There are 2 protein chains.
Amino acid sequence: MQEQRIGSIRFQIDFSQPLYEQILEQIRSAIAKGEIGLGQKIPSVRELAHELRINPNTVMRAYQELERDGLTEKRRGQGTFVTSSKERVETFRQELAARYIDAFLSQMESLGYSWSDVAAYVKKKIDERSGERG
Amino acid sequence: MQEQRIGSIRFQIDFSQPLYEQILEQIRSAIAKGEIGLGQKIPSVRELAHELRINPNTVMRAYQELERDGLTEKRRGQGTFVTSSKERVETFRQELAARYIDAFLSQMESLGYSWSDVAAYVKKKIDERSGERG
DNA sequence: TTAAGTGTATTATATCACTTAATACACTTA
DNA sequence: TAAGTGTATTAAGTGATATAATACACTTAA
């Protein structure tokens, strides 16, 4: 499927992963990047389900996970909003980043790469990407 | 489940991932690290299934993937052996490492980390791990 | 008061990936 | 010939994912 904007959030849905995980990750990303401001409203369960043409229960599952992570708060009858706590977002961002790095280093370790090799390789790849976009 | 050795390969199986993927990754790791030498025999489908107490079909699936990656070769009636091509193993190792790094950088990008932040963060984490084991 | 829009819960159904099970066949080696 | 290889087939069960159809409690604005 192609990219789609609902509110200020970009969605790119395919079949490589569970739908609820993709929704979760993409909203989470928008919050972490500040593309949705603190305290701002995100689409309602029904609206997002309608726009993405998927079942409301599937959206619900993603929204429950966001709330469990402390990234959103619900207000009955009003909707779902990004947390107002800048600290909470920043903490979550760092925790997730730490998990990503640990998993990555474990993968490289499983291939027998030394730490100096990993450091050099990452630096090289980052330089390649820097050429593309700042 | 706890660690288990079959032949020269360490297996650590749990329920967090499909069984065939875990077998695939762990044999692949042993090959990449050189813990199983080039041309060396790996356990037969039936033997490994028996030792791990899982179905032979599940082991088969992992073995077919190893062969598709060019890491192993089968000899009818004899068994399955690690490829004799050092170059093939090294190429695969680099390709997989590249995939790991690209996926990792995409994850960090989705959290809004700048490349300089990523480089610094990885270096810090590597230093922490270096303290543990060279 | 009413209607529309919120999040939430429930029950049922369908599909698919994964795994097991039981066999059978072709080949190699001792 | 017997035992050990990889391989293929058919059948069945389980769990995660997703859909469908409702219903309820709450909030807001008309």
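Looking at A:Gly112, A:Gly70, which one is in contact with a helix residue (DSSP H, G or I) (Cβ under 7 Å, 6 or more places away or on another chain) and assigned by TED's automatic domain parsing to the domain that holds A:Gln12? Walk me through it before giving the result.
On the way: A:Gly112 fails: assigned by TED's automatic domain parsing to the domain that holds A:Gln12.
The conditions single out A:Gly70.
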Condition (residue is within 10 Å of DNA strand D (Cβ to nearest atom) and charged (D, E, K, R)) applied to segment A:22-44: is it met by at least one residue?
no
Unique match (being free of Cβ contacts under 8 Å to residues at least 12 places away in the same chain and either away from chain A (no Cβ under 14 Å) or loosely packed, with under 14 Cβ neighbours inside 10 Å (or both)) among B:Arg5, B:Arg61
B:Arg5
For segment A:34-53, check the following and say yes or no: at least one residue is basic (Lys, Arg) and touching a strand residue (DSSP E or B) at 6+ places or on another chain (Cβ under 6 Å).
yes
Mind listing just one residue for me: the one in segment B:27-80 that is charged (D, E, K, R) and modelled with pLDDT under 95 and, of those, farthest from DNA strand C (Cβ to nearest atom)?
B:Arg75
Within segment B:107-122, of all residues that are surrounded by fewer than 16 Cβ atoms within 10 Å (Cβ to Cβ) and within 13 Å of A:Val122 (Cβ to Cβ), the one nearest to the chain's Cα centre (by Cα) is B:Ala120
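The values are calculated or read from the model by the stated rules, or taken from the named source; none is laboratory data. The structure displayed is predicted, hence computed values, not measured ones. Reconstructed Cβ throughout: ideal geometry from the backbone, glycine too, with neighbour counts over all protein chains shown.
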